[in-house]
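Report on the structure given below.
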Amino acid sequence: MRIESELRKAIRRGDLKLHYQPKVDADTGAVVGAEALMRWQVDGRDVYRPDQFVPVAEETGLIGVIGKWALQQACRQAATWHRRGHGITIAVNVAAPQFLQPGFRASLQELLAESELPPQLIELELTERMVMSGGEQSRLLMREIKELGVSLALDDFGTGYSSLSYLKHFPIDVLKIPRTFVRDVATDSDSAAITEAIITMAQSLAMGVVAEGVETAEQAAFLRAAGCTVLQGFLFGPPMPAEEFATLL
Ligand code: G
Ligand code: G
Ligand code: MN
Ligand code: NA
């Protein structure tokens with residue numbers, strides 16, 4: 001419970017921040033979007049990494065507060081860049097208990113309105129586990145959210161309970177190829193085959209596809225040749241503060 005009480009204090013003190021990792025057009029290298037990733041830092045150093053505190057926040061219900069805060073920050077940031085002529089889409093990770101909380105859609109709608117942001121500039125990254133476990137409730141919620149104009153991406157596609165049939169039933173716009181597949185595309189024929197299959201499937205379902213964790217030029221070349229249109233990873237830039245991200249635009 002130590003992380004929980006420290007997290008409550010961190011929220012009050014404003015020690016949470018969003019960092020932004022570039023997503024680039026595979027052909028031109030132009031920055032087309034960003035993934036917002038939460039950081040809990042004091043004096044520029046991580047107090048805890050998100051994979052440590054996000055699960056605690058999910059278990060204790062604090063995810064409602066910090067998840068809403070993250071969405072608000074992302075909407076404001078996207079609106080600022082949009083006003084400066086950079087219409088880039090910001091993707092925000094949404095945890096299952098946050099997404100399934102009553103009022104999530106209404107609160108998203110309010111945040112979009114208050115920031116005067118075109119909703120197409122926000123994307124939610126959902127997990128397979130959430131989409132599957134929420135069943136019909138998830139499907140209805142997803143449709144309502146799409147009606148707002150916000151797009152939906154499936155994070156770490158193929159690592160959860162992948163039933164391919166659900167891709168038809170849920171209104172998903174984008175598949176994200178996980179880092180664990182991308183890492184080995186140049187050295188392991190199975191990873192290469194799986195990655196190509198995800199890209200082909202996304203294309204035939206008229207979905208977008210984003211490769212995560214791209215670290216080398218070889219990986220980028222493979223993905224580009226396989227038809228992946230958007231790339232994300234340390235090769236193009238790590239998650240960084242908004243001011244630094246702005247220099248890429
Ligand atoms: O940022 P990496 O840099 O360490 O993130 C680790 C994990 O934490 C990722 O799985 C990411 O999805 C999750 N994460 C980061 N920021 C957020 C957030 O704002 N909300 C949720 N739900 N998860 C986040
Ligand atoms: O689970 P999710 O995909 O939302 O989290 C993204 C995570 O991946 C973050 O922890 C982020 O810092 C990390 N990440 C982003 N790009 C790279 C990369 O090129 N290599 C590695 N090893 N990690 C990355
Ligand atoms: Mn993500
Ligand atoms: Na991911």
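What follows is calculated from the coordinates using simple rules that are stated; it is not laboratory data. Quick caveat: nothing in here was measured; it's all calculated off a predicted structure. Heads up, the Cβs are rebuilt from the backbone with ideal geometry, glycines too, and the neighbour counts pull from every protein chain shown.
From Phe181, Phe157, which residue is touching a residue at least 40 places away in the same chain (Cβ under 8 Å), aromatic (Phe, Trp, Tyr), buried (at least 18 other Cβ atoms within 10 Å of the Cβ) and touching a helix residue (DSSP H, G or I) at 6+ places or on another chain (Cβ under 7 Å)?
Only one candidate qualifies: Phe157.
Conditions: (1) surrounded by fewer than 17 Cβ atoms within 10 Å (Cβ to Cβ); (2) more than 26 Å from Thr247 (Cβ to Cβ). Leu126 meets all but one. Number of the miss?
(1)
Go through the stretch 182-216 and count every residue that is within 12 Å of ligand 2 (Cβ to nearest atom), out of contact with any strand residue (DSSP E or B) (no Cβ under 7 Å at 6 or more places or on another chain) and farther than 23 Å from Ile122 by Cβ.
Of the residues in that region, 3 qualify.
In the stretch 155-212, what residues are closer than 17 Å to Val131 by Cα, in a strand (DSSP E or B) and either away from ligand 1 (no atom under 16 Å from the Cβ) or among the acidic types (Asp, Glu) (or both)?
The one that is closer than 17 Å to Val131 by Cα, in a strand (DSSP E or B) and either away from ligand 1 (no atom under 16 Å from the Cβ) or among the acidic types (Asp, Glu) (or both): Asp155.
For Leu100, indicate whether it is within 21 Å of Asp173 (Cβ to Cβ) and under 16 Å from the mean Cα position of the chain (by Cα).
The answer is no for Leu100.
What number of residues within the stretch 54-102 are under 21 Å from Arg129 (Cα atoms) and away from ligand 3 (no atom under 16 Å from the Cβ)?
11
Output the residue which, of all residues in the stretch 108-123 that are crowded, with 17+ Cβ neighbours inside 10 Å and touching a helix residue (DSSP H, G or I) at 6+ places or on another chain (Cβ under 7 Å), is farthest from Gln77 (Cα to Cα).
The extreme case among them is Leu108.
Might you check whether a residue that is among the charged types (D, E, K, R) and over 18 Å from Ile90 (Cα atoms) occurs anywhere in the stretch 130-142?
Yes, that holds for at least one residue.
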